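A short write-up of the structure that comes next.
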Amino acid sequence: EDGALWGGRFASGPSPELLKLSKSTQFDWVLAQYDIRGSKAHASALAAAGYLSETELADMRAALDELSARVADGRFVAAEADEDVHSALERGLIEITGVQLGGKLRAGRSRNDQIATLVRMYLLDHAAVIGEMLVELAGAIHAQAVAHVGAILPGRTHLQHAQPVLLAHQLAAHAWPIVRDLERLRDWARRASASPYGGGALAGSSLGLDPRLVATELGLGDPLENSIDGTAARDVVAEFAFITAQIGIDLSRLSEEIILWNTKEFGFVRLHDGYSTGSSIMPQKKNPDIAELARGKSGRLIGNLTGLLATLKAMPLAYNRDLQEDKEPVFDSVEQLEVLLPAFTGMVATMRFDTDRMAELAPQGFSLATDVAEWLVKQGVIFRDAHEISGELVRYCEERGLELHEPSDEELLSVSEHLLPGVRDVLTIEGSVNSRVGAGGTAQVRVTEQLAKLAERLTEF
Ligand code: ARG
């Protein structure tokens, strides 16, 4: 008995080259405990339909528990000849029960409905782990925002100075996408919880097994309506890969800012020694490697998604062996995020901002020109003209090396009759920031509300 799950109709065994190609235990072993849980549930369904006696069921379930223990402590491992985790575990079960009992378990199921179910169970568990890590990260961002609630940041578009904003507003802008990622994981979990078990190879079972029994024991929701769909679809896996890619992208955008802010030229942030790295040749270097790894891994996460989508494209129904290629990319995405997120959160939680530096740079680059235009609108000037006048004032100042608040009353009037001395009231950073009281704006009062809302949202997950 070599443990293969097929062979009756073959005159010869598989070639060594085929075995090497076909083998998946090196990556699907992480599904072993899910496979055993599925088998226990399946045994109960077999017993309920009369294919196992009460004692056989008890013996089978006890043997599966024993197998689970052997897998957990490494007494049972995949052998060279095992094609996949399912084959290996059947071999392990039969070692415990003998073939008379162990050989009954496979009735009414296929590796096709098994694998489709197990990958969902694995991803659901890891979605919960990643979700907790995301809550931690968003919490660390929130804490930095709260700790710097009055600090000013030169807000940018096109990476150019645009308008001053609160640092807390910008930080919170990195937290909200994470809240949406958490929502995505929650929405996804509803779809992922449907159970393919019972679909068999593709056509369903003739043995009168109740797939609801299995789904309930596995903590899943309703069985899927269509056995072909259940065994052949992997959109749930692709969607999960998308969510992890989006998380990577969200981290990469904050990473890029941290990398820039951490340069000598910006000087906005300093990373904690424990969360930065040195250079093997340049003694002075302190590098933002965590942010760079996050930026780099986001490419890898996108690659995992696109590779999987390419595998799925135009694949005919139902199961094809191509589907075995779904696992490595999505397992990799899980592993990468689970190692990245704690380090990333530590970096965010411990970074220190130079708020004086940010406040000093905030008014530079004529970042209050919009405030001049909006002041003019409040004086009754139409916006087209106001934009023009404010632009002329910028040009006037730029040519003379002045900041916007520096021209004299006469100089202001020489640019436009509408530029009365009162305009200087809006030419302070605090005045500018705190005038943006519209919903979602950067005024202190709005940002304080926003941070409370953010903290409240994080308690949902
Ligand atoms: N290891 C396969 C996978 O990951 C499941 C086995 C299905 N094999 C088969 N010949 N139908 O998709």
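The values are calculated or read from the model by the stated rules, or taken from the named source; none is laboratory data. Note that the coordinates shown come from a computational prediction; the quantities given were computed from them, not determined experimentally. Neighbour counts are summed over all protein chains in view; Cβ atoms, including those assigned to glycine, are modelled from backbone coordinates with ideal geometry.
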Within the range 58-84, which residues are assigned to a loop (DSSP other than H, G, I, E, B), loosely packed, with under 13 Cβ neighbours inside 10 Å and either aromatic (Phe, Trp, Tyr) or at negative phi (or both)?
Asp73, Arg75, Glu80
Which members of the range 338-357 meet the condition of being under 14 Å from Ser255 (Cβ atoms) and of a type in the set (A, V, I, L, M, F, W, C)?
Leu340, Leu341, Ala343, Phe344, Met347, Val348, Met351
Taking first residues from the range 15-35 that are among the acidic types (Asp, Glu) and second residues anywhere that are at pLDDT 95 or above and surrounded by 20 or more Cβ atoms within 10 Å (Cβ to Cβ), the pairs with Cβ under 7 Å that are 6 or more apart or on different chains are Asp28/Asp84; Asp28/Val85; Asp28/Lys327; Asp35/Val85; Asp35/His86; Asp35/Leu89; Asp35/Gln114; Asp35/Leu118
Within the bounds of the range 402-415, is there any residue that is β-branched (Val, Ile, Thr) and within 50 Å of the chain's Cα centre (by Cα)?
no
Any idea which of Tyr51, Tyr34 is over 12 Å from Ala88 (Cβ atoms), buried (at least 18 other Cβ atoms within 10 Å of the Cβ) and within 13 Å of the ligand (Cβ to nearest atom)?
Tyr34
Flag for Asp125 being assigned to a helix (DSSP H, G or I) and either under 29 Å from Val330 (Cβ atoms) or of a type in the set (Phe, Trp, Tyr) (or both)
yes
Among residues of the range 111-131 being more than 12 Å from the ligand (Cβ to nearest atom) and aliphatic (A, V, I, L, M), the residue farthest from Ala43 (Cα to Cα) is Ile130
Test for Gly8: is it away from the ligand (no atom under 16 Å from the Cβ), part of a loop (DSSP other than H, G, I, E, B), surrounded by fewer than 21 Cβ atoms within 10 Å (Cβ to Cβ) and not assigned by TED's automatic domain parsing to the domain that holds Asp125
no
Only one residue in Leu305, Leu368, Leu337 is at pLDDT below 95 and in contact with a helix residue (DSSP H, G or I) (Cβ under 6 Å, 6 or more places away or on another chain), so which one is that?
Leu368
Against the condition acidic (Asp, Glu), within 13 Å of the ligand (Cβ to nearest atom), in contact (Cβ under 8 Å) with a residue 40 or more places away in the chain and not assigned by TED's automatic domain parsing to the domain that holds Leu393, how does Asp354 come out, does it pass?
no
Taking Ala203 and the conditions (1) assigned to a helix (DSSP H, G or I); (2) more than 25 Å from the chain's Cα centre (by Cα); (3) surrounded by fewer than 22 Cβ atoms within 10 Å (Cβ to Cβ), which numbered condition does it fall short on, given that it satisfies the others?
(1)
I'd like to check something: does the range 146-165 contain any residue that is more than 16 Å from the ligand (Cβ to nearest atom), part of a helix (DSSP H, G or I) and surrounded by 22 or more Cβ atoms within 10 Å (Cβ to Cβ)?
no
Identify, by number, the condition in (1) more than 32 Å from the chain's Cα centre (by Cα); (2) over 24 Å from Ala116 (Cβ atoms) that Asp73 doesn't meet.
(1)
Which of the residues spanning the range 308-333 are within 16 Å of the ligand (Cβ to nearest atom) and under 18 Å from the mean Cα position of the chain (by Cα)?
Leu308, Asp326, Lys327, Glu328, Pro329, Val330, Phe331, Asp332
When Val372 is evaluated against the numbered criteria (1) farther than 18 Å from Pro154 by Cα; (2) among the aliphatic types (A, V, I, L, M); (3) in a helix (DSSP H, G or I), which criterion, by number, is the only one it fails?
(1)
Among the residues of the range 88-101, write down those that are touching a residue at least 60 places away in the same chain (Cβ under 8 Å) and either touching a helix residue (DSSP H, G or I) at 6+ places or on another chain (Cβ under 8 Å) or not assigned by TED's automatic domain parsing to the domain that holds Leu31 (or both).
Ala88, Glu90, Ile94
Subset of the range 1-57 (residues that are of a type in the set (Phe, Trp, Tyr) and at pLDDT 95 or above)
Phe27, Trp29, Tyr34, Tyr51
Exception for Pro316 within (1) part of a helix (DSSP H, G or I); (2) closer than 30 Å to Gln114 by Cβ falls at (1)
Test for Leu260: is it surrounded by fewer than 19 Cβ atoms within 10 Å (Cβ to Cβ) and either in a helix (DSSP H, G or I) or at pLDDT 95 or above (or both)
yes
What tally of residues in the range 85-110 results from selecting those that are within 27 Å of Leu323 (Cα to Cα), in a helix (DSSP H, G or I), among the aliphatic types (A, V, I, L, M) and more than 16 Å from the ligand (Cβ to nearest atom)?
1
Out of the residues in the range 37-57 that are hydroxyl-bearing (Ser, Thr, Tyr) and part of a helix (DSSP H, G or I), which is nearest to Ser195 (Cα to Cα)?
Ser39
Taking Ala343, is it at pLDDT below 95 and hydrophobic (A, V, I, L, M, F, W, C)?
no
